[in-house]
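The values are calculated or read from the model by the stated rules, or taken from the named source; none is laboratory data. A quick note: this is a predicted structure, and the numbers were derived from the prediction, not measured. Please note: Cβ atoms are built from the backbone with ideal geometry, for glycine as well, and neighbour counts cover all protein chains shown. Accessible surface is based on the protein model in full, side chains and every heavy atom, while ligands, DNA and RNA are left aside. Shrake-Rupley method; radii C 1.70, N 1.55, O 1.52, S 1.80 Å.
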Amino acid sequence: MKIETLFMDSHLKLSEESCYIVDKIGVKPEYVTDSRIVYEHVNSAEDPILKGKQTLYITENHGAVIKKCPGTSHYTCCDYTILHTGTFCTMDCSYCILQAYFHPPVLQYFVGQDKIFSALDSIFEQNKMFRIGTGEFTDSLIWEKMSNQPANLVKKFAQQKMFKQNKSIQNFSILELKTKTVNIDSLKDIDHNRKTIVAWSLNTPAIIKSEERNTASLSARLKAAKKCEQWGYRLAFHFDPLVMYDGCESDYKDVIKSLFENISPDNIAWISLGTFRFMPSLKQIIEKRFPNSKIPYGEFITGLDNKMRYFKPLRIALYQKLVSFIREYDSNVFIYFCMEDKEVWEKTIGYFPAMEGELGKMLDQTLLK
Ligand code: SF4
């Protein structure tokens, strides 16, 4: 999706970073002294969400650069850490929670890589493992076409100080770049030191076509993943959201077949599974913006986190299938669930990481192999 309007915070000092973005976007920036001007521009559109995807605001992050993922006490959490580098997305998925999360939703790029790097330095100095991602409030690699920030983050993680606990085990932090794009060119030829995981969200071609506007096709995502594997990166894959529809099981089976035809399980750090869930307020947005979408209609119940989820026996049945499809290709690749409970874990993969922090530790362990 093309950026039509570019706003720049007038308080920013012109920097190499901001000039680089302006040059790449090729739109004359409008300088604003107050972010409300940007919000009004977006809110006055007939579809503010779409407008927010076409309007880029280059500004500073005035809040925390690094945050612990809030998770929820009701479902098992993976102890993720969020690196807050920007907001919103140029792609347009019907189920995207960000549509309902930001008021209004605006594409923001936070300049100031020095601030990000000094926050990371304080993380790297701790003798602890952190899994850190930029893909919670945005897609990690939409920015790769307009900024050298993703590539610089890869270099920063590669150069971190390592802590040895004994002869073979080390503590380190890992960067996860989550995407539905194929924007990987600047990741080539970086001495990444295996401290970055490039991760793709995968779905069936039917769901990509009907629900994930402007994203890369499944085959393009897998082709990009294969290139990253050839460049020595670790990879991860997220089947989230899994969407139920007639024939979905066989379609997901085909996706898993394509995944393992392209990628060696040895280079997959983890695969996560999560069925479609949504805040009730998202339903109206989907109905209005994606009138042909069928995803908000199904056998849903309200979960403990007040999100609508598929009825639990249906979730368990689909997860069991997905796990068995993956296990046909590899018996070791680490599979985990995003925001699921004890019963789901036990009935699908036979164990439950019950203790606080246990799932996070298991994920960390996969990185030490
Ligand atoms: S790619 Fe991710 S962040 Fe972008 S619209 Fe889709 S769900 Fe939202």
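Worth pointing out:
- Here the ratio of the Cα radius of gyration of the range 228-369 to 2.2 N^0.38 Å is 1.13.
- Shape summary: the range 155-225 maps onto an equivalent ellipsoid whose semi-axes, from the alpha-carbon gyration tensor, are 32, 13, 9 Å in decreasing order.
- Coordinate range along principal axes, alpha carbons of the range 319-369, Å, largest first: 29, 28, 15
- Distant-in-sequence amide contacts of Glu176, defined by a placed amide H-H separation under 5 Å and a gap of 5 or more residues or a different chain, comprise Ile132, Gly133, Thr134, Ile197.
- Fraction of alpha-carbon pairs over 27 Å apart in the range 150-289 - percent: 31
- Here the accessible area of the chain is 50 percent carbon and sulfur, with a 1.4 angstrom probe and all protein chains present.
- log₁₀ of I(q)/I(0) at q = 0.15, 0.25, 0.28 Å⁻¹ - the range 64-104, Debye sum with one point per alpha carbon: -0.51, -1.05, -1.06
- Computed over the chain, Cα set: Rg, Dmax in Å: 20.3, 61
- Altogether, the Stokes-Einstein calculation at 20 °C and 1.002 mPa s, with the Kirkwood radius of the range 1-146 over Cα pairs as Rh, returns a diffusion coefficient of 131 µm²/s.
- Isolated Cys residues of the chain, judged by Cβ distance under 4.7 Å to other cysteines: Cys19, Cys69, Cys77, Cys78, Cys89, Cys228, Cys248, Cys338
- With a Cα cut-off of under 23 Å and a minimum spacing of 8 residues unless on different chains, the lysine pairs in the range 261-333 number 8.
- Report note on the peptides 52-61, 37-46: ranked by the mean count of other C-beta atoms within 10 Å, highest first, their order is 52-61, 37-46.
- Accessible surface area normalised per residue over the chain is 45 Å², counting heavy atoms of protein chains with a 1.4 Å rolling probe.
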